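Right, one structure below, let's go through it.
The values are calculated or read from the model by the stated rules, or taken from the named source; none is laboratory data. The model shown is predicted, which means the values in this text are computed figures rather than measured ones. Here the Cβ is made from the backbone with ideal geometry for all residues, glycine too, and neighbour counts use every protein chain on show. When the accessible area is computed, the model is the full protein with side chains, heavy atoms only, and any ligands, DNA or RNA have been set aside. Shrake-Rupley method; radii C 1.70, N 1.55, O 1.52, S 1.80 Å.
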Amino acid sequence: MVCSSYLRTVIVQAVNIQKVAEGRMMVDTSATGNQGPTTNKSSPEKDDNGGCASGGWKSEDGKLGCGYSSFRGKRASMEDFFDVKTCKINGQTVCLFGIFDGHGGSRAAEYLKENLFKNLMNHPEFLTNTKVAISETYQQTDSDFLESGKDTFRDDGSTASTAVLVGNHLYVANVGDSRTVISKAGKAIPLSEDHKPNRSDERKRIENAGGVVMWAGTWRVGGVLAMSRAFGNRMLKQFVVAEPEIQEQELDEEFELLVLASDGLWDVVPNEDAVTLALSEEEPELAARKLIETAFSRGSADNITCIVVRLYHHQSPPPTIDPPQIQTDDTQTQTQTQTETEIQTQNENENETKTGPIDG
């Protein structure tokens, strides 16, 4: 078994590790008036040297921590992006996490990083009917992206796997083959199902729309795209939709963490392994980096990006420790005098006992 320190050495030798700043506070002027300042932890500038960028943060109440790591890996270019935001809307704390894995270029993934969560937070039913808001925002953002590139000859696309936490209520939405997994009492539970063309329900949907799924090294829509849902992909849009599948989950104390990642991780790291590795690190940033290193050491040939969200349910204040007593010179002198007096009195009592009357 290769130890963790060796895995870390492999990455350090291959790339330059750089830390990402903690993010910046900003006020989104396009948001509703009831939305508070948004903390934005978005994707770092991509390192031309193939570096591994990572970072992390914790909520003000200490109940939630997030770590993220993104690595170009063996690919010539970086097409993965991620986004992490937290804010208050109408007094309600909202956290948003997203993985966007581009294909055919990085433009679609970057567009989602810049626009998807912004559009979602501006949806009029975001807090009152969150599932509907997510579904409509996904599809409208896809339409906006296609419109923005209608005069170009590009036909790139992207996945999106997102987790939206509103209070203790979690909504996980997915388009494509990125994935979100949650840990409950140490057990890995997938909260999304990869959109692959050979999934029976997806294949039926595609064929009913007039498309075809065929084998070309792997199962592909029209022999081209190896996923059945995606943002972008104008030429296949009739079959490759951006309608998300959404799962809801009320979080209780049994849930420990979330792992969101691109397929560069999931192709070589099973769900159970990912949860076990993430739980082995208390700090989510270290957990995210460990997952990236493990995927690379296991031969992942893709870009690798992941987010680890740690849920801290028991936050007790640090124990109070009484400060040590510091004696002044006067106190030391007084204590010494008292001690000498006690010793002298004890000696006198002993002498009195020795010289007292003896019973005959």
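Carbon and sulfur atoms: what percent of the 1.4 Å accessible area of the stretch 104-187 do they account for?
Details: 1450 of 3260 Å².
Within the stretch 104-187, the accessible surface is 44 percent carbon and sulfur.
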Requested in this report: For the stretch 75-139, restrict the atom set to alpha-carbon positions and state the Rg and Dmax in Å.
Outcome: 13.4, 44
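With +1 on the Cβ of every Lys and Arg and -1 on the Cβ of every Asp and Glu, and nothing else charged, how large is the dipole of the stretch 49-135 about its Cα centre, in debye rounded to the nearest 20?
Details: 11 positive and 9 negative charges, 25 e Å.
Magnitude of the dipole: close to 120 debye.
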Query raised in the report: So what are the stretch 117-203's ellipsoid semi-axes, whole angstrom, largest first, if each one is the square root of 5 times an eigenvalue of the alpha-carbon gyration tensor?
Result: 25, 20, 10
Requested in this report: May I ask for the distance between the Cα centers of the stretch 248-280 and the stretch 189-215, given as a whole number of Å?
Outcome: 24
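Quote to one decimal, in nm, the extra length available between Q238 and S143 on full extension: 0.36 nm per residue of separation minus the C-alpha distance between them.
Values: separation 95, 0.36 × 95 = 34.20 nm, distance 1.24 nm.
Taking 0.36 nm per residue and subtracting the Cα distance, the gain is 33.0 nm.
So for the stretch 49-157, considering every pair of alpha-carbon atoms, how many percent are separated by more than 17 Å?
On the way: 3657 of 5886 pairs.
Cα-Cα pairs in the stretch 49-157 separated by more than 17 Å: 62 percent.
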Report task. Assign unit charges at the C-beta atoms only (+1 for Lys and Arg, -1 for Asp and Glu), then state the dipole size of the stretch 114-178 relative to its Cα centre in Debye, rounded to the nearest 20. Result -> 260
Requested in this report: Along Cα→Cβ, 7 Å out, is where each label goes; now give me the distance between the ones at K150 and S280 in nm to one decimal.
Outcome: 5.2
**Report entry** Lys/Arg +1, Asp/Glu -1 at C-beta; the stretch 105-203 dipole; positive extreme among P190, T162, T128
**Finding:** P190
Query - Peptides 65-77, 180-192 ordered by average Cβ neighbours within 10 Å, highest first - result: 65-77, 180-192
Query - Sequence of F117, F153 when ordered by accessible area, the most exposed leading, probe 1.4 angstrom - result: F153, F117
Report task. Pick out, in residue order, every one of the GluC sites (Glu not before Pro) in the stretch 221-280 that is DSSP loop and has at most 13 other C-beta atoms within 10 Å; say none if there are none. Result -> E253, E254
Report task. Which order do the peptides 132-139, 120-127, 289-296 take when ranked by the mean count of other beta-carbon atoms within 10 Å per residue, highest first? Result -> 289-296, 132-139, 120-127
**Report entry** Flagged links, alpha-carbon separation over 27 Å, of K113/K290; K131/K196; K85/K196; K187/K237
**Finding:** K85/K196; K187/K237
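With the other protein chains left in place, how much accessible area per residue, in square angstrom, belongs to the stretch 212-286 at a 1.4 angstrom probe? Don't skip to the answer; put the middle values down first.
On the way: 3300 Å² over 75 residues.
Value returned for the stretch 212-286: 44 Å² of accessible area per residue.
If you roll a 1.4 Å probe over the heavy atoms of the protein chains, what accessible area per residue do you get for the stretch 51-121, in Å²? Can you show the working numbers first?
Working: 2330 Å² over 71 residues.
Ligands and nucleic acids excluded, the result is 33 Å² per residue.
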**Report entry** Phi to ³J(HN,Hα) by Karplus 6.51 cos²θ - 1.76 cosθ + 1.60 over the stretch 80-94, Hz, x for Gly, Pro
**Finding:** 8, 9, 9, 8, 9, 9, 9, 7, 10, 10, 6, x, 9, 6, 10
